[in-house]
Amino acid sequence: MPGPGMELIGEEEKRELLEVLESGYLFRYGSPENPAFKAKTYTLEQEVARLAGVRYGVAVNSGTSALLVALSGLGVGPGDEVIVPGYTFIASMSSIVYARAIPVLAEVDRTLNLDPEDVRRKITPQTKAILAVHMLGNPARLDELKAIADERRILLVEDAAQAFGAKYKGRAVGSIGRAGIYSFNIFKTITAGDGGMVVTDDEAAYRRFFAFHDQGHSPLRMGVEVGRRPFIGLDFRMTELTAAVLLAQLRKLDTIHNHLLANKQRFKAAIADLPGIGFREITDPEGECATLLVVFLPTEEVARRAAKALGTKVLADSGWHVYNNMEQILEKRTITSEGCPFTCPYYKGGKVEYYPHMLPQTDALLGRAINISIGVSDAGLGSAFGVTMSDGFDGVDARVEEFRRVYKEVVR
Ligand SMILES: Cc1ncc(COP(=O)(O)O)c(C=O)c1O
C-alpha cells in the first residue's frame, strides 16, 4: 500500500462520497439555502485550518498547485530567488520555476531537511523566500529558519506535503511560515488519490491565494466581481468528491499517527544497539509523522550492500527526491526554448548553474542512508523495505529480525 491513509479507505469514505453524489452538487460552490448542498470543500478548508491553528485554508487539486498558489500568491516572481533543499520532490523546485523565480539549491543536514547554516550562505539580495520542506514527515529546523527569515526580512514558506499532521514544538507544520502547503496524493498521511491545501493566518495572502486558485474571484465567489478582480487567476479548485473522501480520512488522522509512532519507536529501539548504526535527527520526536525510519550506515559502500540485500536502495539513488537525479532541473529543461525564468532580464543574480554533486554534504548523507518504511511504501522514495499500517507489531518484529541479520552480514 502506498501510504497510511490509503490503507484505511473504507466505509466512512464510501458514505461521505455517496452523500455528495446523492446531493447533486459535485462543484465546490452550491446554494447555501439548499440543504442538499453539503459544502464539503469549504468544511475541509475550515477543519484543516483549525487543525493547523490558522484562520484560512484554500483547498486545491494537488500539492504542486498548492505550492504554485502559495509562492505566486505571496508575490514571488521574476527576479526573485527561492532557497530550497536539494533533497525534496521536484514539485518544490518546479513550482518556483513556474512562479518565474529561480530555485537556489541548499544543503540538508542530519535532519535531511534544510541546513540553516547553508541557507545563510545562500542568501543574496535576490532572495525572496526560503522554502522549508519537511521531508519524510520530519519537521525542518523551523526555529532557526524562521529566525533567519525574520532577520533578513524574507518569507518562510513551508512545504509540508509529506508531513500533514506533524507538529513542531506543539505547533502544526504549515502554520509557522507565512504560508504552508499539504499534499493528499496516495503516498501521503491522508489521501483522496490527489489533492492539496494552502494554509495561512494572513488575510491578504488568503484573498490572493483564493483569487489565484479560482480565476481571480474573492473568497467563496461572494459579491459582485466584475471590475474588481485583482489579477488573472487560474483554476486549481478541489471538487466536492475529493473533499468528501478527505473529511473521512481526516477523522482517521490520530489513529494513523499513534500507530506509526508506536511502530517506529519499536523498530528503532530494536536496532539501536547495532554497532555503527546512526539515525536521522528528528526535530520533534513526538510531533513527527513517523511514516519512515531513516538509518545511516557506517559507509556508503556498506549502505549500498545492505540496501541491495534488503531489496531497496540508498536514498542517494532515490529517483524522485535527489537533485542529482533530476535532469530536468540540472539541465534547466524549460517548456519553451527561451529558457525563462533562467534568462529573465529582471533577474540580476548572474548566470544560474546547477550541476551534479554541487551539494557534497547532502550527497554524503544520502549515500549512507536507507529508508525503512513504517507506513509509506514507495520504490521511488527508496522505501521498499519495511512495514505498512496493516503489518502491526508482528510485522515489525519480523522485519527487525531481517534487518539485523543483513546488517550483521554486511557490517563486519
Ligand atoms: C515535498 C513534496 N512537495 C510537493 C509535492 C507535490 O504534491 P502533489 O503530488 O500532491 O502534487 C510532493 C508530492 O509528492 C512532495 O513530496
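What to note about this one:
- Test set (1) touching a Phe, Trp or Tyr at 6+ places or on another chain (Cβ under 8 Å); (2) within 16 Å of the ligand (Cβ to nearest atom); (3) of a type in the set (S, T, N, Q) - residue 318 fails condition number: (1)
The rows are residues; the columns are (1) open to solvent by less than 80 Å² (accessible area, probe 1.4 Å); (2) assigned to a helix (DSSP H, G or I); (3) within 30 Å of residue 381 (Cβ to Cβ).
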position: 5; (1), (2), (3): yes, yes, yes
position: 17; (1), (2), (3): yes, yes, yes
position: 21; (1), (2), (3): no, yes, no
position: 44; (1), (2), (3): yes, yes, yes
position: 47; (1), (2), (3): yes, yes, yes
position: 54; (1), (2), (3): yes, no, yes
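- Boolean, residue 84 is over 21 Å from residue 28 (Cα atoms), within 15 Å of the chain's Cα centre (by Cα), open to solvent by less than 10 Å² (accessible area, probe 1.4 Å) and hydrophobic (A, V, I, L, M, F, W, C): yes
- Scanning region 288-311 for residues that are open to solvent by 20 Å² or more (accessible area, probe 1.4 Å) and assigned to a loop (DSSP other than H, G, I, E, B) returns 298, 299, 311.
- Within region 312-328, being farther than 16 Å from residue 280 by Cβ and either in a helix (DSSP H, G or I) or open to solvent by less than 20 Å² (accessible area, probe 1.4 Å) (or both) holds for 317, 323, 324, 325, 326, 327, 328.
- Selection status of residue 110, closer than 21 Å to residue 327 by Cα, more than 15 Å from the chain's Cα centre (by Cα), more than 15 Å from the ligand (Cβ to nearest atom) and surrounded by fewer than 20 Cβ atoms within 10 Å (Cβ to Cβ): no
- Filter result (hydrophobic (A, V, I, L, M, F, W, C) and over 20 Å from residue 67 (Cβ atoms)) within region 204-242: 220, 222, 224, 226, 241
- Test for residue 105: is it in a helix (DSSP H, G or I), open to solvent by less than 30 Å² (accessible area, probe 1.4 Å), modelled with pLDDT of 95 or more and of a type in the set (A, V, I, L, M): no
- Residue within region 49-69 that is modelled with pLDDT of 95 or more and in contact with a Cys (Cβ under 9 Å, 6 or more places away or on another chain) present: no
- Here region 23-42 is the region considered, the condition is being part of a helix (DSSP H, G or I) and within 25 Å of the chain's Cα centre (by Cα), and the residue that is farthest from residue 206 (Cα to Cα) is 40.
- Flag if residue 122 is in contact with an Asp or Glu (Cβ under 9 Å, 6 or more places away or on another chain) and more than 16 Å from the ligand (Cβ to nearest atom): yes
- Flag for residue 42 being within 16 Å of the ligand (Cβ to nearest atom) and in contact (Cβ under 8 Å) with a residue 12 or more places away in the chain: no
The values are calculated or read from the model by the stated rules, or taken from the named source; none is laboratory data. All values derive from a computational prediction rather than experimental measurement. All Cβ positions, glycine included, derive from the backbone under ideal geometry; neighbour counts span all protein chains shown. Accessible surface areas use protein heavy atoms only, side chains included; no ligands, DNA or RNA. Shrake-Rupley method; radii C 1.70, N 1.55, O 1.52, S 1.80 Å.
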